[in-house]
Amino acid sequence: MGLLYGLIAVGLALIFGLMDVVNFAHGEFLMIAMYATFFLFAFFALDPLLSAPLVAAALFIFGAVVYLLIVRFAVRAKANTGMVQIFSTFGLAVLMRGVAQYFFTPDYRSIPHSWLGGKTISIAGIYLPQPQLIGALIAIAAFAGLYFFIHRTDFGRALEATREDAGAVALVGIDKNKVFALGWGLGAALVGLAGAVMAIFFYVFPDVGASFATIAYVTVALGGFGSVFGAFAGGIVVGLVEAITTLILPPSLKTVGIYGVYLLVVFVRPRGLFGSI
Amino acid sequence: MDKAFIQRRRRDLVVAAFLTAIAAVVPMFVKDVYVQNIMVLTLMYGALSQSWNILSGYCGQISLGHALYFGLGAYTTAILFTKFGVLPWFGMLSGGVLSAIIAMALGYPCFRLGGHYFVIATIVIAEITLLLFHNWDWAGAALGIDIPVRRDSWVTFQFTRSKLPYFYFALALACVAWFVTWWLEDSKWGYWWRAVKDNPIAAESLGVDVFNSKMGAAAVSAFLVAIGGSFYAQFVSYIDPESVMGFQFSLLMALPAVLGGIGTLWGPLLGAAILIPLTELTRSYIGGSGRGVDLIVYGGLIIAISLARPQGLVSLFSRKPKPAANQVREAVAS
């Protein structure tokens with residue numbers, strides 16, 4: 001489960017950490033991705049595993065459009081940039097929840113049967129649910145890919161450079177908006193992937209994103225902003241802590257452990273585990 | 001002292017007195033209970049947002065966890081009243097003091113955090129408390145506390161037949177929050193806070209006690225918000241963890257200030273006067289369908305306003321200061 005949190009958090013880590021923009025609609029991105037997966041299944045009987053790339057591609061476009069239509073202007077605001085970012089993306093979250101309620105109704109939906117749903121696999125005597133396992137593998141692959149992408153490709157370097165100094169970057173001929181739009185697209189695509197996997201074993205409803213989003217913020221901050229590896233480590237920590245808290249506390253308190261660990265970590269290391277900013 | 005500044009502050013005071021007087025007579029003409037209800041909520045959120053603005057607007061420490069203090073105020077009052085028979089007025093005061101103490105205790109580790117780390121810490125702390133209250137049987141757990149109805153009087157601060165007393169209390173609360181802000185704006189603390197917000201390192205080097213000024217702002221802010229929470233508990237006479245400590249309260253305190261103008265004297269009240277009636281009206285007129293149209297309108301408006309007026313709606317009222325270059329040119333010409 002920790003790696004799944006990690007997977008949800010990677011996309012956020014990219015947007016949040018690397019571009020220093022808080023996307024308060026991150027949970028709603030996840031929700032949209034889950035609905036997309038659900039409807040692809042309901043209308044075309046497409047298994048979530050097959051639709052995952054499609055959903056990721058759709059979310060890529062969605063993320064880029066959101067950047068170009070909203071976030072671009074929020075970042076440019078002359079006063080209170082931080083607040084404008086928080087509240088414009090928060091407004092977007094409310095809007096998306098409303099739209100989802102309008103078109104999809106507040107009913108809980110789930111994908112009744114898929115290739116992996118409800119199946120378990122036994123490794124050395126331990127039974128693991130297959131969807132979670134696949135999710136974990138996808139998460140590892142996504143992290144590795146993103147790490148490589150940020151540190152080894154021109155685009156990744158351009159992204160990081162743009163965050164550090166947009167003015168200087170413009171001088172060497174990099175279009176800030178293009179880089180950031182692609183970055184947002186990529187972040188959203190990763191959430192799309194997470195949503196497709198989540199839809200296999202979790203209910204889909206308009207407010208589904210909210211609970212996961214808070215954990216995703218905590219995961220990213222726990223690992224430290226500006227660090228992809230940090231988000232990965234954060235995801236694992238969060239998963240472990242959750243597993244341990246459910247053993248010792250009633251299930252309704254399971255997130256208390258996660259939040260508590262976050263506070264402990266930042267009180268000792270104010271920049272998270274591996275943070276650079 | 002700058003003469004224009006003193007004049008502006010005097011004018012603010014006069015305008016405030018004038019607005020209060022108008023607000024005080026409005027209920028004599030508006031008898032509709034539904035509208036009165038909206039007015040009470042508007043004033044309450046105005047007061048809450050004004051208090052939030054002290055820590056987050058003036059001192060620049062953006063908190064999205066103020067629901068914690070709101071809930072503490074509500075719970076202290078309700079628990080003291082139902083379990084120990086303590087009158088709400090004392091409950092209100094103890095809730096405020098308790099919140100201020102807790103705000104400082106939490107501020108001690110939290111104020112070392114910067115930026116997003118701080119914001120997330122505030123959210124997380126409020127969430128933890130919410131979950132703890134959910135599981136705390138003695139305090140009603142998820143079922144909450146029903147405040148027993150006694151007779152209507154100012155002593156028990158309960159009025160079942162009329163909303164007017166609540167209205168006047170909310171008005172008084174808004175006035176107090178406004179006046180505290182007005183008074184602090186020109187005090188030593190007010191200048192420290194703005195210095196801390198703009199550049200904490202420079203402020204520290206000039207001898208501002210950054211840490212303690214954040215603590216002061218947190219205490220004042222939490223105290224006032226808790227009073228608001230106590231009031232709310234009396235007003236709705238039923239509380240449960242979600243309805244007084246939920247994340248939406250943290251947002252509803254922050255939004256009016258952001259909308260109206262963060263870190264300004266009039267911003268929070270102006271923002272509340274627009275946002276709260278809008279929220280209530282969209283909810284009751286188009287939200288009844290349960291299909292989320294109210295959310296669409298609400299979300300769309302938040303995006304539009306925050307993008308179009310990043311400095312807040314209050315900037316519409318202020319005359320634009322001339323650019324410095326023009327002033328120099330005029331000075332040279334004359």
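Read the figures in this text as sums done on the coordinates, not as results from a lab. The model shown is predicted, which means the values in this text are computed figures rather than measured ones. No Cβ is skipped: glycine too gets one built from the backbone with ideal geometry, and neighbour counts run over all protein chains shown.
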Notebook entry, point to check: What distance in nm separates the simple spin-label points at A:LEU171 and A:PHE202, each placed 7 Å from Cα in the Cβ direction?
Noted result: 4.5 nm
Item checked: Proximal charge balance of B:THR181 [Cβ under 12 Å; K/R count +1, D/E count -1] -> -2
Next item on the list: Calculate I(q)/I(0) for the stretch B:3-321 by the Debye formula, one identical point scatterer on each C-alpha and no solvent, and give its log10 at q = 0.12 Å⁻¹ to two decimals.
Entry: -0.83
Next item on the list: Please average, across the residues of A:148-159, the number of beta carbons from any other chain that are within 10 Å of each residue's own beta carbon, and give a whole number.
Entry: 0
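Please report the equivalent ellipsoid semi-axes of the protein assembly as shown, computed as sqrt(5 x eigenvalue) of the Cα gyration tensor, largest first, in whole Å. Don't skip to the end; give the middle numbers.
Details: eigenvalues 327, 195, 110 Å².
Largest first, the protein assembly as shown gives 40, 31, 23 Å.
In deg cm²/dmol, rounded to 500, what helix-only [θ] at 222 nm does chain B give when every DSSP H run of at least 4 residues adds -39500 (n - 2.57) and the total is split over its residues? Kindly include the intermediate steps, with their values, before the conclusion.
Working: 14 runs with 239 residues, N = 334.
Helices in chain B give a 222 nm mean residue ellipticity of -24000 deg cm²/dmol.
Grab the beta carbon distance between B:LEU278 and A:ARG269, set R0 = 45 Å, and tell me the FRET efficiency rounded to 0.05. Each step should come with its number before you reach the end.
Details: r = 42 Å, r/R0 = 0.94.
Approximately 0.60, to the nearest 0.05.
Let me spell out the model: positive unit charges on the Cβ of Lys and Arg, negative unit charges on the Cβ of Asp and Glu, origin at the Cα centre of the protein assembly as shown. What dipole size does that give, in debye rounded to 20? Spell out each step's value before the answer.
Values: 37 positive and 28 negative charges, 249 e Å.
So the dipole magnitude of the protein assembly as shown works out to roughly 1200 debye.
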Check: In chain B, what is the count of Lys pairs whose alpha carbons are under 24 Å apart, counting only pairs at least 8 residues apart or on separate chains?
Finding: 8
Next item on the list: Using the Karplus curve 6.51 cos²θ - 1.76 cosθ + 1.60 with θ = phi - 60°, work out ³J(HN,Hα) for each residue of the stretch B:119-126 in order, rounded to whole Hz, and write x for Gly and Pro.
Entry: 4, 5, 4, 5, 4, 5, 5, 4
Notebook entry, point to check: Taking the highest mean first, how do the peptides B:25-35, B:167-177 order by number of other beta carbon atoms within 10 angstrom per residue?
Noted result: B:167-177, B:25-35
Item checked: Rounded to whole Å, sorted largest first: equivalent-ellipsoid semi-axes of the stretch B:205-307, Cα gyration tensor -> 30, 20, 11
Checklist line | Simple label model, 7 Å out from Cα along Cβ direction - A:ARG157 to B:ASP12, nm | finding: 5.2 nm
Checklist line | Peptide A:259-265 - average C-beta neighbours from other chains (10 Å radius) | finding: 4
Next item on the list: Using the Cα centre as the reference, give the magnitude of the dipole from point charges on the C-beta atoms of chain B (Lys, Arg: +1; Asp, Glu: -1; all else neutral), rounded to the nearest 20 debye.
Entry: 900 debye
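Please identify every one of the trypsin sites (Lys or Arg not before Pro) in the stretch B:207-297 that sits in a loop by DSSP and has no more than 11 other beta carbons within 10 Å of its own beta carbon.
Passing sites in the stretch B:207-297 do not exist.
Per-residue Cβ counts within 10 Å, from other chains only, averaged over A:248-257: what number is that?
Numbers: counts 0, 2, 1, 0, 5, 5, 1, 4, 9, 1.
Per residue, the number of nearby Cβ atoms from other chains is 3 on average.
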Next item on the list: With label points built 7 Å along Cα→Cβ from the Cα atoms of B:ASP186 and A:ALA141, find their separation and express it in nm.
Entry: 6.7 nm
Notebook entry, point to check: Relative to the longest principal Cα axis of chain B, at what angle does helix B:164-185 sit, 0 to 90 degrees, rounded to 10?
Noted result: 30 degrees
Checklist line | Relative contact order %, chain B, counting alpha carbon pairs below 8 Å whose residues are six or more apart | finding: 31 percent
Item checked: Sites B:SER237 and B:ALA172 - FRET efficiency at Förster radius 22 Å, r taken between beta-carbons, to 0.05 -> 0.65
Margin query: Between B:ASN37 and B:GLN248, what is 0.36 nm times their sequence separation minus the Cα-Cα distance? Round to one decimal in nm.
Written below: 74.0 nm
